[in-house]
Amino acid sequence: MRDADTSAGTAVDDAIARAAELVAGSSYLIAFTGAGVSAESGIPTFRGQGGIWGSYDESHLELGFFRREPAIAWKTIKQIFYTFTLSVEPNDAHRVLARWEAAGRLRLVVTQNIDGLHRRAGSRNVAEFHGSCDELVCMRCGGRVPAAAGLLDSLPPRCECGGLLKPGFVFFGEGIPADAYETAFSAAAMADACLVIGSTGTVYPAASIPRAVKRAGGRVVEINPEPSEFTDEVSDVLIRLPAAEAMRRLEAAVDAI
Ligand SMILES: [Zn+2]
């Protein structure tokens with residue numbers, strides 16, 4: 001056991017050193033994040049063991065049901081995405097990315113998460129590929145309203161125009177927001193390095209982004225506790241750690257170069 005532990009530790013040290021070289025040497029670095037980046041903030045995953053859909057009816061996140069039964073759908077949505085999500089804090093993985101952006105080291109975060117934690121940590125250039133729960137969108141006039149306290153006291157929430165307000169994240173079967181899509185894929189075409197953090201690479205079209213970086217000649221650093229769909233296909237380096245610990249150690253290693 002002791003030998004195995006030591007060699008795993010060495011593998012992680014080597015991966016961090018190689019990743020730090022790639023990050024420090026890059027001139028157009030982007031990050032691509034998934035559920036794993038928010039796990040240490042306490043945001044549960046939606047699928048798999050302990051996933052949220054074990055306890056809720058996921059049809060409540062289908063547009064057809066939402067239109068027919070907005071009050072029922074909103075009751076579920078409020079419990080899952082608002083009462084809880086708005087109370088959690090960003091972790092060090094979000095914070096390191098925000099510091100790197102402020103320092104000019106990171107150009108863009110593309111995230112699959114809808115929890116808004118990258119912006120709350122201070123990142124400004126964020127392409128929210130599946131939208132965000134921080135805003136509500138009016139289904140009649142298209143207006144956007146911040147998800148402020150009080151707005152969800154009586155359900156369903158209504159816009160000033162009387163239209164039904166929907167969460168600003170993408171429902172099952174809905175398209176990707178056009179601006180986030182454009183921003184993400186144009187950055188992927190220009191990036192010479194991409195950090196993949198906490199994404200298993202199974203949800204499309206989001207999972208095409210690291211692959212687009214790789215196709216355009218960029219390098220990919222993956223941070224995941226377990227190997228993923230990206231590992232053999234596109235990753236140049238895999239750091240097998242949870243996101244916050246990996247990013248703390250990577251930041252220290254980059255600073256030491
Ligand atoms: Zn409206």
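The values are calculated or read from the model by the stated rules, or taken from the named source; none is laboratory data. Since we're looking at a predicted model, the values are computed, not measured. So basically every Cβ, Gly included, is an ideal-geometry build from the backbone, and we count neighbours across all protein chains shown. With ligands, DNA and RNA removed, areas are computed over all heavy atoms of the protein, side chains included. Shrake-Rupley method; radii C 1.70, N 1.55, O 1.52, S 1.80 Å.
The rows are residues; the columns are (1) touching a helix residue (DSSP H, G or I) at 6+ places or on another chain (Cβ under 8 Å); (2) assigned by TED's automatic domain parsing to the domain that holds Cys194; (3) within 16 Å of the ligand (Cβ to nearest atom); (4) among the aromatic types (Phe, Trp, Tyr).
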site	(1), (2), (3), (4)
Pro70	no, no, yes, no
Ala73	yes, no, no, no
Thr76	yes, no, no, no
Thr83	no, no, no, no
Arg107	yes, yes, no, no
Arg120	yes, yes, no, no
Val126	yes, yes, no, no
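For region 168-181, the set of residues classified as surrounded by 15 or more Cβ atoms within 10 Å (Cβ to Cβ) and aromatic (Phe, Trp, Tyr) consists of Phe169, Phe171, Tyr181, listed by residue number. I need the full set of residues from region 129-183 which are within 20 Å of the chain's Cα centre (by Cα) and farther than 17 Å from Glu62 by Cα, in order please. Hits for region 129-183 are Phe129, Asp134, Glu135, Pro146, Ala147, Ala178, Asp179, Ala180, Tyr181, Glu182, Thr183. Within region 134-156, residues that are assigned to a loop (DSSP other than H, G, I, E, B) sit with their Cβ atoms under 8 Å from residues that are open to solvent by 80 Å² or more (accessible area, probe 1.4 Å), at 6+ positions apart or across chains, in these pairs: Met139/Arg67; Gly143/Glu160; Leu155/Lys75.
The condition of being closer than 23 Å to Ala180 by Cα and in contact with a Leu (Cβ under 6 Å, 6 or more places away or on another chain) holds for only one of Leu108, Leu136, that being Leu136. Taking region 182-257 as the region of interest, the helices (runs of 4 or more DSSP H) fully inside it that hold 3 or more residues being surrounded by 21 or more Cβ atoms within 10 Å (Cβ to Cβ) are 208-215, 243-255.
I'd like the residue in region 84-102 that is of a type outside the set (Val, Ile, Thr) and part of a loop (DSSP other than H, G, I, E, B) and, out of all such residues, is most open to solvent (accessible area, probe 1.4 Å). Among those that are of a type outside the set (Val, Ile, Thr) and part of a loop (DSSP other than H, G, I, E, B), it is Glu89. Criterion applied to Pro156, Pro146 was being surrounded by 17 or more Cβ atoms within 10 Å (Cβ to Cβ) and at pLDDT 90 or above, and the one residue passing it is Pro156. Apart from one condition, Leu165 fits all of (1) crowded, with 20+ Cβ neighbours inside 10 Å; (2) more than 16 Å from the ligand (Cβ to nearest atom); (3) not small (Gly, Ala, Ser); the exception is (2).
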